Amino acid sequence: MSATLDLANAASRLAADARPSAPAAPRSLLGLSREELGEALGSIGVPLKQQRMRAAQLWHWLYVRGVSDFSQMANVSRDLRGALAENFEIARPEIVEEQISVDGTRKWLFRFPARGAGRPVEIETVYIPEEGRGTLCVSSQVGCTLTCTFCHTGTQRLVRNLEPSEIVGQILTARERLGDLPAADTPAGAIVPSEGRLVSNVVMMGMGEPLYNYDNVKRALAVASDGDGISLSKRRITLSTSGVVPMIGKTGEEMGVMLAISLHAVRDELRDVLVPINKKYPIEELMAACRAYPGLSNARRITFEYVMLKGVNDSLADARELVRLLKGIPAKINLIPFNPWPGTEYECSDWDQIERFADLVNEAGYASPIRTPRGRDIFAACGQLKSESERMKKGDRLALEAAVAL
């Protein structure tokens with residue numbers, strides 16, 4: 001019987017090997033550098049002396065005009081448009097669902113196609129409109145490895161890193177959907193800034209730990225900050241990390257963006273629980289890396305994110321220790337009222353206690369704004385993002401959203 005099973009299994013494997021493999025997906029041109037665009041053009045026969053000029057044309061169409069189809073590139077020859085369409089893609093993520101909060105916050109469920117033998121994956125991206133600016137919260141991974149106990153995303157296993165094209169695609173799709181591209185219209189009734197760019201700020205604070213997808217995030221943010229493309233100032237791009245200490249200095253040197261630290265506790269024994277990466281990189285090492293962050297100054301302060309958990313990390317003793325920890329670091333502290341999610345055991349600190357905490361930190365000379373919760377009714381607030389292959393049924397999710405909104 002065992003020999004028969006072995007033969008059957010071998011035959012099954014041979015049959016599987018004999019099946020035609022799925023054709024490889026065309027390479028995306030989104031997220032490539034100008035040099036890489038030139039090389040891609042060379043691979044389809046564009047002469048070397050034309051590559052730089054043609055790459056500049058593509059760059060303009062992709063990031064200034066925001067087109068999503070090669071046929072829209074009017075000053076590119078028909079033959080070249082055909083060759084590009086045959087060999088490459090510039091597709092954006094599929095919008096599976098768009099939810100709009102009562103406060104104007106928007107959350108998109110984006111789906112990216114399968115890569116290799118994998119399956120299509122989904123991530124969430126959030127747009128937060130405010131007076132004078134519009135902030136896009138971008139994801140860097142599908143899921144997360146960090147298992148921060150107060151964070152809903154941390155309950156989802158890591159599926160994979162996002163490619164530069166998929167990170168840049170979130171920005172382009174949001175801009176198109178909001179009417180922040182030349183040929184796009186703003187949806188009727190949308191809450192957006194009254195003037196200026198509708199997506200003026202990008203924060204790498206969505207799903208995942210950006211510094212565990214360093215190379216792809218770096219490449220995507222280089223495109224986002226390029227002055228001839230998406231053209232976001234590096235002072236309007238913030239990367240948030242839970243504390244991957246060895247990569248913090250490199251981030252400042254190579255990306256030059258603003259830094260945010262998900263701190264959430266001032267004692268190692270508590271941070272080990274709330275932010276388990278602390279066991280590997282404890283608070284003292286994290287603070288040393290922050291003090292050495294390239295370009296750190298009063299004009300380029302580090303933001304420390306601190307979620308307020310009732311009876312856990314919200315005492316005035318915690319506030320005093322926070323001030324002591326940050327001594328000598330140009331910093332701002334964002335106090336974040338905890339945003340509940342189904343199954344969590346944490347509660348948000350009482351508002352009076354949050355204000356007392358903020359007052360103590362303010363008196364020590366640190367700005368400590370209390371972040372207004374946004375998008376709670378659609379699970380779009382800080383720490384609430386999550387998307388899984390076994391996606392929650394819409395009816396169940398709507399019931400939970402209603403419960404949270406009470």
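Structure values in brief
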| item | result |
| --- | --- |
| Residue count for the stretch 313-347, restricted to those that are over 24 Å from the mean Cα position of the chain (by Cα), open to solvent by less than 40 Å² (accessible area, probe 1.4 Å) and touching a residue at least 40 places away in the same chain (Cβ under 8 Å) | 9 |
| Scope the stretch 104-124; condition modelled with pLDDT under 90 and of a type in the set (A, V, I, L, M); matching residues | ALA114, ALA117 |
| Sole exception among (1) open to solvent by less than 60 Å² (accessible area, probe 1.4 Å); (2) touching a residue at least 40 places away in the same chain (Cβ under 8 Å); (3) within 20 Å of ALA220 (Cβ to Cβ) for TRP61, by number | (2) |
| Qualifying residues in the stretch 348-370 (those that are hydrophobic (A, V, I, L, M, F, W, C) and closer than 28 Å to HIS152 by Cβ) - the one most open to solvent (accessible area, probe 1.4 Å) | TRP351 |
| Complete set of residues in the stretch 100-121 that are out of contact with any Pro (no Cβ under 9 Å at 6 or more places or on another chain), under 21 Å from GLY169 (Cβ atoms) and open to solvent by less than 30 Å² (accessible area, probe 1.4 Å) | LYS107, LEU109 |
| Given (1) open to solvent by less than 70 Å² (accessible area, probe 1.4 Å); (2) under 29 Å from VAL202 (Cα atoms); (3) assigned to a loop (DSSP other than H, G, I, E, B); (4) among the small types (Gly, Ala, Ser), number of the condition ALA40 does not satisfy | (3) |
| Any pair with Cβ under 9 angstrom, 6 or more apart, that starts in the stretch 67-89 at a residue that is under 20 Å from ILE230 (Cβ atoms) and touching a residue at least 40 places away in the same chain (Cβ under 8 Å) and ends at one that is open to solvent by 60 Å² or more (accessible area, probe 1.4 Å) and in a helix (DSSP H, G or I) | SER68/GLU176 |
| Identity of the residue in the stretch 208-231, of a type in the set (D, E, K, R) and farther than 16 Å from CYS137 by Cβ, that ends up least open to solvent (accessible area, probe 1.4 Å) | ASP226 |
| Residue match in the stretch 134-157 (condition: polar (S, T, N, Q), touching a Gly at 6+ places or on another chain (Cβ under 6 Å), assigned to a helix (DSSP H, G or I) and in contact (Cβ under 8 Å) with a residue 24 or more places away in the chain) | no |
| Residue match in the stretch 76-90 (condition: more than 22 Å from LEU232 (Cβ to Cβ) and of a type in the set (Lys, Arg)) | yes |
| Top-ranked residue of the stretch 46-55 - restricted to ones that are in a helix (DSSP H, G or I) and without any contact (Cβ under 8 Å) to a residue 24 or more places away in the chain, ranked as least open to solvent (accessible area, probe 1.4 Å) | ALA55 |
| Which numbered condition THR241 misses (of (1) touching a helix residue (DSSP H, G or I) at 6+ places or on another chain (Cβ under 8 Å); (2) polar (S, T, N, Q); (3) open to solvent by 10 Å² or more (accessible area, probe 1.4 Å)) | (3) |
| Meets criteria (closer than 27 Å to LEU263 by Cβ, open to solvent by 20 Å² or more (accessible area, probe 1.4 Å), assigned to a strand (DSSP E or B) and modelled with pLDDT of 90 or more) for ILE128 | yes |
| Selection from the stretch 281-312 of residues that are exposed (fewer than 15 other Cβ atoms within 10 Å of the Cβ) and aliphatic (A, V, I, L, M) | ALA288, ALA292, ALA299 |
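The values are calculated or read from the model by the stated rules, or taken from the named source; none is laboratory data. Every value quoted in this text rests on a predicted model; they were computed, and no experiment measured them. Counting neighbours? That spans all protein chains shown, and the Cβs are built from the backbone with ideal geometry, glycine included. The protein model used for the area step is the full one, side chains on, heavy atoms only, and it has no ligands, DNA or RNA in it. Shrake-Rupley method; radii C 1.70, N 1.55, O 1.52, S 1.80 Å.
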